[in-house]
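Each remark here refers to the structure printed beneath this line.
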Amino acid sequence: MIKNIGQTDKIVRIILAIVLAGLDFFEVVKGGFSWILSLIAVILLVTAFTGYCPIWKLMGKNTSEVK
């Protein structure tokens, strides 16, 4: 699996995941939509820590500094 997420992309994903998880944790968003936000937050964290995003692969994008 070739890494296709760069450092800036990782930071943005982590910050966005924290914000989405915070919206659920502090109950700003309730109901089924809060579960969706939590799921998106987990996916963002997993892709940030693995350095690989399958959606970027499908789109042919690569934000990694190493080509």
For the chain, modelled as a Gaussian network with Cα springs under 10 Å, which listed residue fluctuates most, GLY31, GLY51, GLY22?
-> GLY31
Distance (nanometres) between label positions extended 7 Å along Cα→Cβ at SER34 and MET1 = 3.0
In a solvent-free Debye calculation with one equal scatterer on each Cα, what is log10 I(q)/I(0) for the chain at q = 0.22, 0.23 Å⁻¹, listed in the order of the q values?
-> -0.84, -0.88
Please report how many Lys pairs in the chain have alpha carbons closer than 29 angstrom, counting only residues at least 8 apart along the chain or sitting on separate chains.
-> 8
Given charges at beta-carbon only (K, R positive; D, E negative), |dipole| of the chain in Debye | 280
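Every number here is computed from the coordinates shown, using simple stated rules; none is lab data. Keep in mind that this is a model prediction, so the values were computed, not measured. A quick note on method: Cβ atoms are made from the backbone with ideal geometry, for glycine too, and the neighbour counts reach across all protein chains shown.
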